[in-house]
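Worksheet for the structure shown next.
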Amino acid sequence: MLVGISPCPNDTFCFASFVEQTNSRVPMNVVVQSLEELNIQAVRNQYFDLTKISAAAFPYVSHEYTILSVGNAFATHHGPKCVIRKGVDFSQLSHLTLGIPGAYTSAYLTFRLLYGEPARVLEVPFREMIHALESGACDVGLLIHENSISALPGDLCLYADLGKVFRQRYHMPLPLGLVVARSSLGEEMLSLLNKMLFVSLQSAQRSSTLSSYVLSHAYDRREEVVRSHIASYVTEETKWLSEEGVCALSRWFQEAHRAGLLPQSSLQICRTVAENPISF
């Protein structure tokens with residue numbers, strides 16, 4: 001089984017035991033790539049059997065993939081940040097350049113749904129977004145992953161927390177990332193993957209120390225930053241996708257489709273867990 005995960009701490013935290021253990025039923029080859037790279041692989045050629053993707057990418061692959069109920073990320077407290085250079089007038093968005101961390105990212109879709117279209121869009125790797133803003137390459141930028149919880153340089157200021165604005169408008173959490181698996185694997189295998197991820201997450205939460213797997217893949221390896229990231233994005237929705245989470249996905253996709261921002265799609269979610277015991 002070909003598995004794609006991102007190096008973000010919330011993902012490696014959930015997947016650490018999953019990818020390090022040996023399970024003869026599910027031999028795995030694990031690839032670690034940026035979230036936007038995973039999005040592109042899924043959308044263009046359905047490369048992975050099991051992969052993390054941005055929630056905004058799912059409508060493009062819903063005919064091939066099923067959402068698992070474990071490992072998903074929602075902005076329950078705060079989310080991606082919209083940041084501007086000091087002196088920039090956000091009301092002039094139609095004349096500004098927006099830096100985005102990827103065309104399929106949830107941050108970009110949410111920005112467009114909330115605020116509309118900028119004059120220009122510049123794709124910038126998330127690690128380079130602060131520099132792009134400071135250099136003047138873009139006027140407005142979207143910060144995700146560790147950047148979204150780090151202090152801003154003095155010449156930049158926070159315009160909006162997209163997770164908070166989305167909740168205020170729609171009264172539900174903002175979907176950010178989804179764990180999806182190829183639907184053709186079948187219900188039995190999908191249920192087993194749910195179980196394996198559930199046990200892997202439980203194992204990580206029981207440990208008082210961070211796995212070397214998590215720290216070795218983090219962009220910012222300071223333990224306090226990694227722990228803050230995990231605390232922010234590993235939530236009850238990560239442990240098991242709730243009915244509120246399902247409703248949030250459905251409503252978000254419908255709103256974006258009505259606005260012409262997403263193709264029409266259907267939600268396929270595996271809600272079952274294999275009964276056979278698994279321990280890591």
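The values are calculated or read from the model by the stated rules, or taken from the named source; none is laboratory data. Keep in mind it's a predicted model, so treat the numbers as computed, not measured. As a convention, Cβ positions derive from the backbone with ideal geometry for all residues, glycine included, and neighbour counts pool all protein chains shown.
Given the conditions (1) buried (at least 17 other Cβ atoms within 10 Å of the Cβ); (2) part of a strand (DSSP E or B); (3) more than 17 Å from the chain's Cα centre (by Cα), report the number of the one that residue 118 does not fulfil.
Here residue 118 meets the rest and fails (2).
Quickly run through the range 236-264 and pick out the residues that are surrounded by 18 or more Cβ atoms within 10 Å (Cβ to Cβ) and either under 21 Å from residue 144 (Cβ atoms) or at pLDDT below 95 (or both).
Correct list: 237, 238, 241, 245, 248, 249, 252, 253, 256, 262.
Which one is surrounded by the most Cβ atoms within 10 Å (Cβ to Cβ), of the residues in the range 121-157 that are touching a helix residue (DSSP H, G or I) at 6+ places or on another chain (Cβ under 9 Å) and polar (S, T, N, Q)?
148
Residues that are within 22 Å of residue 271 (Cβ to Cβ): which helices (runs of 4 or more DSSP H) entirely in the range 1-88 hold 2 or more of them?
9-20, 58-61
Among the numbered conditions (1) touching an Asp or Glu at 6+ places or on another chain (Cβ under 9 Å); (2) crowded, with 17+ Cβ neighbours inside 10 Å; (3) modelled with pLDDT under 95; (4) not basic (Lys, Arg), tell me where residue 230 comes up short.
(1)
With respect to residue 99, is the statement that it is in contact with a strand residue (DSSP E or B) (Cβ under 9 Å, 6 or more places away or on another chain), over 19 Å from residue 256 (Cα atoms) and part of a loop (DSSP other than H, G, I, E, B) true?
Answer is no for this residue.
Which number in (1) modelled with pLDDT of 95 or more; (2) buried (at least 24 other Cβ atoms within 10 Å of the Cβ) marks the one condition that residue 95 misses?
Residue 95 satisfies every listed condition except (2).
Can you tell which of 199, 214 is assigned by TED's automatic domain parsing to the domain that holds residue 248 and under 17 Å from residue 229 (Cα atoms)?
214
Based on this model, can you work out whether residue 100 counts as at pLDDT below 95 and either β-branched (Val, Ile, Thr) or in the same structural domain as residue 214 (by TED's automatic domain parsing) (or both)?
no
Would a scan of the range 257-268 turn up a residue that is in contact with a helix residue (DSSP H, G or I) (Cβ under 6 Å, 6 or more places away or on another chain) and under 22 Å from residue 2 (Cα atoms)?
no
Please name all residue pairs, on different chains or six or more residues apart, with Cβ atoms under 9 Å, provided the first residue is in the range 103-122 and is under 13 Å from residue 60 (Cβ atoms) and the second residue is among the hydrophobic types (A, V, I, L, M, F, W, C) and surrounded by fewer than 23 Cβ atoms within 10 Å (Cβ to Cβ).
Cβ pairs passing all conditions: 103/40; 103/121; 104/40; 104/43; 109/256; 109/261; 109/262.
Residue 45 - would you say it is on the phi < 0 side of the Ramachandran plot, assigned by TED's automatic domain parsing to the domain that holds residue 193 and surrounded by fewer than 20 Cβ atoms within 10 Å (Cβ to Cβ)?
Yes: the conditions hold for residue 45.
Need the failing condition index for residue 241 against (1) assigned to a loop (DSSP other than H, G, I, E, B); (2) under 14 Å from residue 9 (Cα atoms); (3) touching a strand residue (DSSP E or B) at 6+ places or on another chain (Cβ under 8 Å), just the number.
Exception for residue 241: condition (2).
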